[in-house]
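The values are calculated or read from the model by the stated rules, or taken from the named source; none is laboratory data. Because the structure is a prediction, the values reported are computed rather than measured. Don't worry about glycine lacking a Cβ; one is built from the backbone with ideal geometry, like all the others, and counts go over all protein chains shown.
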Amino acid sequence: MGLIEVQRVLAQLYTNVELREKFLANPQQIAIEFGLNAVDIEHLTALSAFHLREFANSLQHKRLAEVSKILTLTEKSLKTKFAELFLEFTSNYLPSGIKKHRDDAIAFAKFIASPIHKDIPDWCQEIAIYETTRLQLGESKKLLMLRKFRYPLKQIIQSLFRDEEIITTKKLTLAIWVRIPGQTRWYHYLVLVPGFPGF
């Protein structure tokens, strides 16, 4: 087997916690399952558990640092839970393609907003959805994007940047993004709809 195939196996060992633990328990078996030859197996089994886990940990934290820069509002809203959730998320997801950090951020925001996370406040999930929408606009050919939210996002965002207490009263908010034909810049508005509580 060639170097590329061995690197693919290593990439999976570094990013998939379950596979890494199976490999550390029985490296020969996992190497055979991947179709590695005797020389490749010898090289892989020489990896110490400490070095394998240490490198995997450093990769996760590098990804965390990049995604934190992209999802700044989500990080502020979740505080220390952001890192905890991201490390859980990275054990099962590896981005591919040329925009890995962006794709990582979008997939992580969707992970946060999924119904399985009942312990995350609704308004935090909406912040993640809001940031995901903003990130996806770069790929969109649309000229107008509307999204409704149950919470007063503008007030929440201002409170996050001022480190103030978040008011979580539901108030219907429309997020509006508009792009002029032929331009790449999006104009963005958050509009509180009076008289309508959050749905």
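Numerical summary
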read-out	value
Residue ranges of helices (runs of 4 or more DSSP H) in region 1-112 with at least 1 members modelled with pLDDT of 90 or more	49-70, 72-78, 80-90
Residue that is surrounded by the fewest Cβ atoms within 10 Å (Cβ to Cβ) [pool: residues in region 147-159 that are part of a loop (DSSP other than H, G, I, E, B) and in contact with a strand residue (DSSP E or B) (Cβ under 7 Å, 6 or more places away or on another chain)]	Pro152
Residue pairs meeting the criteria (Cβ under 7 Å; at least 6 apart or on separate chains; first part of a loop (DSSP other than H, G, I, E, B), in region 120-145; second surrounded by 13 or more Cβ atoms within 10 Å (Cβ to Cβ) and among the charged types (D, E, K, R))	Leu143/Arg179
Leading residue by the ranking (nearest to Arg53 (Cα to Cα)) among those in region 73-111 that are free of Cβ contacts under 8 Å to residues at least 24 places away in the same chain and β-branched (Val, Ile, Thr)	Thr80
When residues of region 73-118 are limited to those that are surrounded by fewer than 21 Cβ atoms within 10 Å (Cβ to Cβ) and of a type in the set (Ser, Thr, Tyr), the one farthest from the chain's Cα centre (by Cα)	Thr80
Residue list for region 49-72, filter: under 13 Å from the mean Cα position of the chain (by Cα) and either surrounded by 17 or more Cβ atoms within 10 Å (Cβ to Cβ) or of a type in the set (Ser, Thr, Tyr) (or both)	Gln60, Arg63, Leu64, Val67, Ser68, Ile70, Leu71, Thr72
Scan of region 151-190 for residues that are under 18 Å from Thr133 (Cβ atoms) and among the hydroxyl-bearing types (Ser, Thr, Tyr), ordered by number	Tyr151, Thr173, Thr184, Tyr187, Tyr189
Whichever residue in region 128-146 is touching a strand residue (DSSP E or B) at 6+ places or on another chain (Cβ under 8 Å) and among the basic types (Lys, Arg) and, among such residues, is surrounded by the fewest Cβ atoms within 10 Å (Cβ to Cβ)	Lys142
